[in-house]
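K.L.:
This is the structure I want to talk about, given as C-alpha cells.
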Amino acid sequence: MGTAAHPAAEAVETGRGLIGDTPVQRHLSLLELIATRETPSTLQGLTEETGLPKPTLHRMLQQLEDAGMVLRDGDGRRFRTGPRMRRMAERTLLTDVHFGNRNRILAELVAEIGESCNITALSGHEVVYLDRVETTEPLRVTLAPGSRVPAHASASGKLLLSQLRPAARRQLLGTAPLRSFTPNTITDPEAVEAEVARAAELGYGIDDEEYLAGLVCAAVLIPDPSGISNLCVAVQAPALRLSTADCVDLVPVLRRAAEQIAAHSHPTDDSSADQGSDDAAATT
C-alpha cells in the first residue's frame, strides 16, 4: 500500500497567488495573501498577483468584507485585514498550544531575574500582552494578558516596529496617536523613527519610564524562521530596583529565554521529518 500524499500537495492552483480546490480554501488563501502585506492591497494589484479575473476577486473580497475578515479603506479601492480577522489572530496567539511551555519559560525567567516578564506582539499601533508572569515583589505593576500599550512608548514596540518596512512604519506612525504619557515619552515622529532604528541596530529595545513614570523595561525579539518576528520577550521593573543600565545587562538572559520559546514554537526540521515519517508509516 503506497504512502498517501499530503493534502497540501494535492491542492489545485487557481491563480498564481491563490491555492485551493474549494471556495473556502481559495478565500483563506486570499485572506492570507492580504494579511502578509504591510500596506493595503488594491483590486488591481491582487488581480495581477493571483491571475484571477477582477469580477471573481471582487466577489471574494465582498464576501470577506461582509464577514468582517477584510476592511475596505475610505477610498473604497484598498483592502486590509478586518477587525474580526485581527481579533481571531490575537486570540489565537493568546491561546496558543505552546502556552504551557512559554509560560513555564517565563516563570523560570522571572525566578532568575526577580522581576515581571512578558511576551508581546504588535497589533496595529499597539503592543498586546500575550503572556505575563508577575514578580513576587510587593512593589510591581500588574498587566494581565490582553493588556495593550502604545508601541511608540514601549521597549517591545520599538523592536517590533523595526520589523516593518520603512514606508509601512511611516504610514503606521503617521496615523497613530503619539500621545505623551510621561516627560520621557517620545512623540516626535522623526525621534520615534530614530529610536526604532537604534533598537534595530542594538538588537534590543529600552523603555526608560516612557509609558509609566518609575517603570523601566528591556525587550528582545523571539527568533522566527522567516527572519521577521512579531513576538518579543521583555522584563519590566520599577526604576527603584532596576536602572536602564541594569536592563541592558539582562539582555543576554532575555535572549536565552527568547531562543527557548522559539525552540518550542518552531520544532526543528528533524522533529518534523520524524513526524512525517510516522504519518507515512501509518498509511502503509
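The values are calculated or read from the model by the stated rules, or taken from the named source; none is laboratory data. Remember, it's a predicted structure, so these values are computed and weren't measured experimentally. Cβ: placed from backbone, ideal geometry, glycine included. Neighbour counts: every protein chain shown. The area values use the complete protein model at the heavy-atom level, side chains included, leaving out ligands, DNA and RNA. Shrake-Rupley method; radii C 1.70, N 1.55, O 1.52, S 1.80 Å.
K.L.:
Conditions first: (1) β-branched (Val, Ile, Thr); (2) modelled with pLDDT of 80 or more; (3) open to solvent by 50 Å² or more (accessible area, probe 1.4 Å). Thr47 passes all but one, so which condition is the exception?
P.N.:
Thr47 satisfies all of (1) β-branched (Val, Ile, Thr); (2) modelled with pLDDT of 80 or more; (3) open to solvent by 50 Å² or more (accessible area, probe 1.4 Å) except (3).
K.L.:
Just one of (1) modelled with pLDDT of 95 or more; (2) surrounded by 19 or more Cβ atoms within 10 Å (Cβ to Cβ); (3) closer than 26 Å to Ile105 by Cβ trips up Leu202, so point out which.
P.N.:
Every condition holds for Leu202 apart from (2).
K.L.:
Another one. Say whether the condition of being modelled with pLDDT of 95 or more, open to solvent by 60 Å² or more (accessible area, probe 1.4 Å) and either of a type in the set (A, V, I, L, M) or more than 18 Å from the chain's Cα centre (by Cα) (or both) is met by at least one residue in region 260-272.
P.N.:
no
K.L.:
If you don't mind, there's one more thing I want to ask. Restrict the check to region 58-70 and report whether at least one residue is in contact (Cβ under 8 Å) with a residue 24 or more places away in the chain and within 23 Å of Gln163 (Cα to Cα).
P.N.:
Yes, that holds for at least one residue.
K.L.:
Let me ask another. Collect the residues in region 127-166 that are without any contact (Cβ under 8 Å) to a residue 24 or more places away in the chain and among the hydrophobic types (A, V, I, L, M, F, W, C), keeping them in residue-number order.
P.N.:
Across region 127-166, the qualifying residue is only Ala144.
K.L.:
Filter region 147-172 down to residues that are touching a Cys at 6+ places or on another chain (Cβ under 6 Å) and surrounded by fewer than 15 Cβ atoms within 10 Å (Cβ to Cβ), then give me how many there are.
P.N.:
0
K.L.:
A further question follows. May I ask you to list the residues in region 57-80 that are open to solvent by less than 80 Å² (accessible area, probe 1.4 Å), in a loop (DSSP other than H, G, I, E, B) and either farther than 14 Å from Thr39 by Cβ or in contact with a Cys (Cβ under 9 Å, 6 or more places away or on another chain) (or both)?
P.N.:
Ala67, Gly68, Met69, Gly76
K.L.:
Looking at Thr120, is it part of a loop (DSSP other than H, G, I, E, B) and hydroxyl-bearing (Ser, Thr, Tyr)?
P.N.:
no
K.L.:
Give the residues of region 217-267 that are assigned to a loop (DSSP other than H, G, I, E, B), of a type in the set (A, V, I, L, M) and either in contact (Cβ under 8 Å) with a residue 40 or more places away in the chain or within 17 Å of Glu108 (Cα to Cα) (or both), sorted by residue number.
P.N.:
Ile222, Ile228, Leu240, Leu242, Leu250
K.L.:
Given the conditions (1) surrounded by 13 or more Cβ atoms within 10 Å (Cβ to Cβ); (2) modelled with pLDDT of 90 or more; (3) of a type in the set (A, V, I, L, M), and given that Leu240 satisfies all but one, which numbered condition is not satisfied?
P.N.:
The failed condition is (1).
K.L.:
Which is open to solvent by less than 60 Å² (accessible area, probe 1.4 Å), among the β-branched types (Val, Ile, Thr), under 24 Å from Tyr129 (Cβ atoms) and in contact (Cβ under 8 Å) with a residue 24 or more places away in the chain, of Thr187, Thr175?
P.N.:
Thr187
K.L.:
Could you list, in sequence order, the residues of region 162-194 that are touching a Ser or Thr at 6+ places or on another chain (Cβ under 9 Å), in a helix (DSSP H, G or I) and at pLDDT 85 or above?
P.N.:
Arg169
K.L.:
Now a separate question. With the requirement that a residue be in contact (Cβ under 8 Å) with a residue 12 or more places away in the chain and on the phi > 0 side of the Ramachandran plot, what does region 19-57 give you?
P.N.:
Gly51
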